[in-house]
Every structure is written in structure tokens, then in C-alpha cells.
Amino acid sequence: MLNIIICGAPGCGKGTQSDLIVEKYKLKHLSTGDLLRKEIAEKSELGKVAESYISKGNLVPDEMIINILSKNIEENNNSNGIILDGFPRTVAQAEALQSMLSNNGKEISVLLDLSVEKDELIDRLIKRGQTSGRSDDNMETIKKRLEVYEIQTAPVSDFYRSLNKYAAIDGMGSIDEIFGRISSVLDSKR
Ligand code: AP5
Ligand code: MG
């Protein structure tokens, strides 16, 4: 069983690479961003609260996201494994995840950390913003998301480094080249 975390700055390619990983390794994709956008589209109470954070480029509160994710992990308890995209994003979320998984007799296999140059991140997100309809794909919010990432999310890497479950992936280049780099790490973990 492979339980993977894919992380990195906004626009680094988490969603794009997750789709390829799911196809090859038959894992269940859990993206907290996608789960929140579904709530927003359904205009649920949770969606309304989430939108007020997302559109400003801030993280939604840990407690809210941990609740959503633990429900989804429970529901996918019998899958081949999971790929977590955009979670954990704070050290508190990483700690909560450790106990969620160990309660189910599971553990993280590896965290894939995609690194991409800042100018390239901004280019990708501005381009996507022309068609995505996402309230956070505009220059002002992109800048805020990148700041929040550096302050709140980058420390999550150290958490997994200290557990020896960290793999840095060069996220520059073509989608296929990057997937090749990821595959060689995952093949060594199977
Ligand atoms: P989330 O949805 O996770 O967004 P994000 O981290 O900002 O990342 P993106 O989805 O924008 O980018 P990506 O890395 O998936 O890249 P993609 O593959 O799309 O989170 C959104 C918000 O929700 C957060 O800001 C927060 O408010 C909230 N949230 C979510 N999770 C949370 C949590 N755990 N705790 C608290 N709050 C949370 O690629 C980007 C673009 O580039 C695409 O157009 C793609 O086609 C293109 N592209 C991909 N790869 C390449 C390549 N190699 N070359 C050229 N273009 C490429
Ligand atoms: Mg994404």
C-alpha cells in the first residue's frame, strides 16, 4: 500500500501530477482544495466559510480541514492507498494526520515535495486564471498564497524529513519529465 503526500507551492503541479499517479498506481486522490471547491459550488455553510478564506489566499482553519479529511480517509479505508494533495499544510495538520492514520494501522510512505521557481509558478497560475474560474487565481491572491505557503506550509517538509519520509522533486520541465522523476521515487517504495 502506498500512502503519499504531494506538496509544494501553489501552481507547482500537485493536481496535474496526482492525476498521473492515480492512473499508474491506482490510488485514491484526496485534494482538500477540490473538496472545499465542491462545498463552495454547492453553496453549503462550510463552503461559504471556506470561500471567505480561499478568495483572500489564506488557509482555512485547521479544525475545519481536519474534520473534512478524516471523514474522507475513513470512507477510503479499503483503497489501494491514497494520495493527499494539499494536505497537510500546517504542522498541526501533519500531527493530526499521523494519529488519523495510525488509528487505522496505516502510515505515510513518502512526501513528494515539488519545487518550482517563483516566476514559473506565477506564470502557470495567471495562465490558468484565464479559464479556471477560481477566485484565487489573480495576481493579488497568488502573491498572498505564495507568502502563506512559505510561512505556514514549508515547515511541514521538515516534519517529514525528520521521519525520513521526504523526497524532493524538481518540478521544472515538462509534465512527463516530472512524472518520470516521481515514478522512480514511488517505484522504490512499492
Ligand atoms: P489548493 O487547491 O490546494 O491550491 P494550491 O495549493 O494553491 O495549488 P493549485 O491547485 O493552485 O496548484 P497545483 O499545485 O495543484 O498545480 P496544478 O497541477 O493545478 O488550495 C486552494 C486553497 O484552499 C488554499 O489557498 C486554502 O485557502 C484552501 N486549502 C486547501 N487545502 C487546505 C488545507 N490543507 N488547509 C487549509 N486550507 C486549505 O498546475 C497549475 C497550472 O500549471 C495548471 O494550469 C497546469 O495545467 C499547469 N502545469 C502543471 N504542470 C506544468 C508543467 N510541468 N509545465 C507547465 N504548466 C504546468
Ligand atoms: Mg491543485
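Readers should treat all values here as calculations from the given coordinates under stated rules, not as data from a laboratory. Here the structure is a predicted model, which is why all the values come from computation and not from measurement. Using ideal geometry, Cβ is built from the backbone for each residue, glycine included, and neighbour counts are taken over all protein chains shown.
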Size of region 82-190 along its principal axes in angstrom, Cα-based, largest extent first?
43, 31, 23
Tell me the relative contact order for the chain as a rounded percent, counting alpha carbon contacts under 8 Å between residues six or more apart.
34
Could you tell me which of Ser52, Val22, Tyr160 has its Cα farthest along the dipole of the chain towards the positive end, charges placed at Cβ (Lys, Arg +1; Asp, Glu -1), taken about the Cα centre?
Val22
Quick check for me: using +1 on Lys/Arg Cβ and -1 on Asp/Glu Cβ, what's the dipole size of region 52-178 about its Cα centre, in debye to the nearest 20?
260
For the chain, compute Rh as the Kirkwood radius over C-alpha pairs and then the Stokes-Einstein diffusion coefficient at 25 °C and 0.890 mPa s; write the answer in µm²/s, rounded to an integer.
145
Extension reserve of the Glu74-Lys127 stretch, reckoned as 0.36 nm per residue once the Cα distance is removed:
15.5 nm
In terms of the Cα gyration tensor, with a ≥ b ≥ c the square roots of its eigenvalues, is region 47-121 rounded because a/c is under 1.5, prolate because a/b exceeds b/c, or oblate?
oblate
Could you check the simple spin-label distance between Glu45 and Lys189, using points 7 Å along Cα→Cβ, in nm with one decimal?
3.7
If you count, for each residue, the other Cβ atoms within 10 Å and average over each peptide, how do 170-176, 105-111, 79-85 line up from highest to lowest?
79-85, 105-111, 170-176
Need the C-alpha centroid separation for region 61-97 versus region 1-39, integer Å.
12
What does the helix-only formula give at 222 nm for the chain: each DSSP H stretch with n ≥ 4 adding -39500 (n - 2.57), the total divided by the residues, and the result rounded to the nearest 500 deg cm²/dmol?
-17000 deg cm²/dmol
When the charge dipole of region 84-177 is computed with +1 at the Cβ of Lys and Arg and -1 at the Cβ of Asp and Glu, the Cα pointing farthest to the positive end, of Ile142, Asn104, Leu121, is that of Asn104
How many nm separate the modelled label positions at Asp34 and Glu177, each set 7 Å beyond the Cα in the direction of the Cβ?
2.6
Region 1-100 - charge dipole about Cα centre, Lys and Arg +1 at Cβ, Asp and Glu -1, debye rounded to 20:
220
Computed on Cα atoms, Rg of region 140-185 relative to 2.2 N^0.38 Å comes out at 1.44
Other residues with Cβ under 13 Å from the Cβ of Ile73 give, with Lys and Arg +1 and Asp and Glu -1, a net charge of 0
Tell me, Kirkwood radius of region 30-85 from alpha-carbon pair distances, in Å?
11.9
Computed magnitude of the charge dipole of region 12-59 (debye, nearest 20; Cβ of K, R +1, Cβ of D, E -1):
120
